[in-house]
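Novice: If you scroll down you'll find the structure; I have some questions about it.
The values are calculated or read from the model by the stated rules, or taken from the named source; none is laboratory data. Model, not experiment: these values are computed from the prediction. Cβ placement follows ideal geometry from the backbone for every residue including glycine, while neighbour counts extend to all protein chains displayed.
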Amino acid sequence: MGNKTLLITGGAGFIGSHVVRLFVNKYPDYNIINLDKLTYAGNLQNLTDIEKNTNYTFVKGDITDGDFIQKLFQQYQFDGVIHLAAESHVDRSISNPMEFVYTNIIGTVTLLNAARSLWKDNTDGKRFYHISTDEVYGSLGEEGFFTEETAYDPRSPYSASKASSDHLVRAYFHTFGLPVVVSNCSNNYGPNHFPEKLIPLMINNIMTNKPLPVYGEGKNVRDWLYVVDHARAIDIIFHKGVNGETYNIGGYNEWKNIDLVHLLCKIMDKKLGRTPGTSAQLITYVKDRAGHDLRYAIDSTKLTAELGWKPSLQFEEGLEKTVDWYLANESWLKNITSGDYLKYYEQQYHNR
Ligand code: NAD
Ligand code: TYD
């Protein structure tokens, strides 16, 4: 593959940390720069296994800071950008939409501008890869799938901010010839997932015997993909995808929330040596999320047919691996839930 200097944004987060790990280990000749603001969702503990590798550098910074970003691009002369940094939680976007506008929209344009000015004379071998979500397509009824041609119809401030950033990325391709590629992925799960999202929240609450809050009637459907399979897709699309194209990534693995929570309870009863049915007693139906999308389901035929990707894990296997990871990494969970790690970062980086 030769030498390349790559910027990965949001590499201390859930998906970003898996992407950083894959690239650092698989491409020893690449110079990988992980830029992350370390918000509540960013955690360098996700990367302790690779943090000393000579092809890896962590930089703390904010993608909305234009001067800083321009200087960073000048300093490192990036050949490629894999952009994952974002505010990512729908519930937080309902209580505080502005953070989503700043980071997801303004942050993305700030990066696009820096790439455009760095690569203005020569775009050969350069690539700006924007990571997005299936939520931009809106909500499905009982039938059908999202394809790359599905019209955008975002319903939450989160998905609207991601949709906006996707449009801007494509506009830079058409208007300025910036070499871009976009992918839209379904819900991820796996190790290092922040315990505000459904699966890790349920695992944490089952472990600690807290109520399991199921929104509405628990009938909403999500299409779940193991995070390492998403990282593998990102690797393939970054290297083989066609500029200007969009690729949908999904697991053909649809679950009603309530069925998924029951499956988790069953797995965890077994792992924790509880009598079958014990954890399910914690299930509590709570007020539905405002504007709650009913169903997401991705058609990833294009990615499979054109670039040869397919998911590697069956869901039950992936879920069990995930539960095992949380049980073996209780200190990771405790650190996050106690807020200790945020205090640590504040001290560590307070001069920046
Ligand atoms: P995450 O919330 O776990 O991580 C986001 C990371 O971005 C954190 O490390 C955070 O510190 C960093 N960040 C936030 N604001 C920043 C800023 N202003 N400057 C620099 N860094 C900043 O998110 P995730 O679940 O890993 O999602 C990563 C990307 O993948 C997002 O773009 C998201 O929209 C997309 N995506 C997520 C899913 C999913 O199921 N989680 C599915 C499809 C697409
Ligand atoms: P989430 O993990 O927040 O992902 P997204 O909203 O981006 O799909 O939620 C997944 C599904 O689980 C969604 O339908 C909302 C539901 N949910 C609950 O029922 N209870 C919860 O505590 C959470 C966080 C989510």
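Residues checked against (1) within 12 Å of ligand 1 (Cβ to nearest atom); (2) among the basic types (Lys, Arg):
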residue: Ala163; (1), (2): yes, no
residue: Gly177; (1), (2): no, no
residue: Val180; (1), (2): no, no
residue: Glu196; (1), (2): yes, no
residue: Pro200; (1), (2): yes, no
residue: Thr208; (1), (2): no, no
residue: Lys219; (1), (2): no, yes
residue: Val227; (1), (2): yes, no
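Novice: Going by what's in this entry, would Thr5 be described as at pLDDT 95 or above, within 16 Å of ligand 1 (Cβ to nearest atom) and not hydrophobic (A, V, I, L, M, F, W, C)?
Specialist: No, not satisfied.
Novice: Looking only at segment 115-148, count every residue that is within 28 Å of Leu303 (Cβ to Cβ) and more than 22 Å from the chain's Cα centre (by Cα) and tell me the total.
Specialist: Result for segment 115-148: 10.
Novice: Still on this structure, I have one more. Evaluate the following for Ser159: is it crowded, with 22+ Cβ neighbours inside 10 Å and within 15 Å of ligand 2 (Cβ to nearest atom)?
Specialist: Yes.
Novice: Could you run through segment 11-46 and say how many residues are without any contact (Cβ under 8 Å) to a residue 60 or more places away in the chain and more than 10 Å from ligand 1 (Cβ to nearest atom)?
Specialist: Qualifying residue count for the region: 10.
Novice: For segment 284-352, give me every one of the helices (runs of 4 or more DSSP H) that falls completely inside it and has 2 or more residues that are at pLDDT 95 or above.
Specialist: Answer list for segment 284-352: 301-307, 315-328.
Novice: Ok, one more. For the condition modelled with pLDDT under 95 and either not small (Gly, Ala, Ser) or not in a helix (DSSP H, G or I) (or both), what is the one hit in Gly277, Gly251?
Specialist: Residue meeting the stated conditions: Gly251.
Novice: Sticking with this structure for a sec: I'd like the full set of residues that are surrounded by fewer than 24 Cβ atoms within 10 Å (Cβ to Cβ) and under 20 Å from Thr337 (Cβ atoms), limited to segment 15-41.
Specialist: Leu38, Thr39, Tyr40, Ala41
Novice: Which of the residues belonging to segment 110-155 are in a helix (DSSP H, G or I), within 15 Å of ligand 1 (Cβ to nearest atom) and touching a strand residue (DSSP E or B) at 6+ places or on another chain (Cβ under 9 Å)?
Specialist: Of everything in segment 110-155, those that are in a helix (DSSP H, G or I), within 15 Å of ligand 1 (Cβ to nearest atom) and touching a strand residue (DSSP E or B) at 6+ places or on another chain (Cβ under 9 Å) turn out to be Leu111, Leu112, Ala114, Asp134, Glu135, Val136, Tyr137.
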